[in-house]
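J.: One structure follows; several queries about it will come next.
Laboratory data are not the source of any read-out in this text; all were calculated from the coordinates shown. Source: prediction; values computed, not measured. Using ideal geometry, Cβ is built from the backbone for each residue, glycine included, and neighbour counts are taken over all protein chains shown.
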Amino acid sequence: MQQDISVWVRDPRIQSTDFWHAYIDYEICLLTNSLCFTKKISCTRRRFSEFVWLRQRLQVHSLLIKLPEMPPKNPFFSLNNARQISERMKGLQTFLEQILQSPFLLSDSCVHLFLQSRLSVAKMDACTAGRTRYSVAQAIQCGGQSLPRFPSTEDLNKGSEASSSSPSSNSDSPKISVPGSSSMDVALNTEETGPSAVIGSIQ
């Protein structure tokens, strides 16, 4: 059986840490039948700085592999510019798609925690270093949720067509959600409580 991995980056949302500071995070959805993943369907949310963290960790762990490029940091990036947000989403999705094409990079636990957990950057670092009471597998199991609106398993047979038909790929003017309050989820909140429920300004 052919093993397929489809990933979507979509649904940008403005999150506020306080009155003066805000950032955008994106929903990352994964659909796969690959043996590399124990969880076949998952969704989580990540901000741009967390993508930067992932590439930096892969750079350290994969010195001999040329990593895919990320969308460049734009000092003039605006949370209110739909075109800039759409271009960034497309670039981030391409970045993840290229990572998932590499069997070597797929073996890195940072990739799996990034895609299928809700751990913050600090907790992902601690987990991969074995400094937490929960394992990588436990963090993933309690992490990214499966959503009813996720594409059906029939999309696995469509390969790249499914990826190109995602909302984030086709829309040049994405709908940006602005929650009434900060919607940072709590995932694996503390090591003392064990796996229960955190996503973590680079723009």
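J.: Treat the count of other C-beta atoms within 10 Å as a stand-in for reagent exposure and order C127, C36, C142 from fewest to most. Each step should come with its number before you reach the end.
T.: On the way: C127 24, C36 13, C142 18.
In increasing order of surrounding Cβ atoms, one gets C36, C142, C127.
J.: In which sequence would W20, W8 go, from the one with the fewest C-beta neighbours within 10 Å to the one with the most? Display every interim value, and only then the final one.
T.: Details: W20 6, W8 26.
So the residues, fewest neighbours to most, are W20, W8.
J.: Here is a further query. Report the GluC sites (Glu not before Pro) located in segment 67-121 that are in a DSSP loop and have at most 13 other Cβ atoms inside 10 Å of their Cβ, or state none.
T.: Working: sites: E69, E87, E97; in loops: E69.
Those that pass, being in a loop and sparsely packed, are E69.
J.: Out of the chymotrypsin sites (Phe, Trp or Tyr not before Pro) in segment 41-88, which ones are loop residues according to DSSP with at most 11 other C-beta atoms within 10 Å? Walk me through the numbers before you get to the answer.
T.: On the way: sites: F48, F51, W53, F76, F77; in loops: F76, F77.
Answer by residue number: F76.
J.: Now for a separate question. Tell me, what HN-Hα J-couplings in whole Hz come from the Karplus equation 6.51 cos²θ - 1.76 cosθ + 1.60 at θ = phi - 60° for each residue of segment 14-24, using x for Gly and Pro?
T.: 7, 10, 10, 8, 7, 4, 9, 10, 8, 8, 10
J.: Give me D108, D18 sorted ascending by neighbouring Cβ count inside 10 Å, so fewest comes first.
T.: Details: D108 18, D18 7.
Neighbour counts put them in this order, fewest first: D18, D108.
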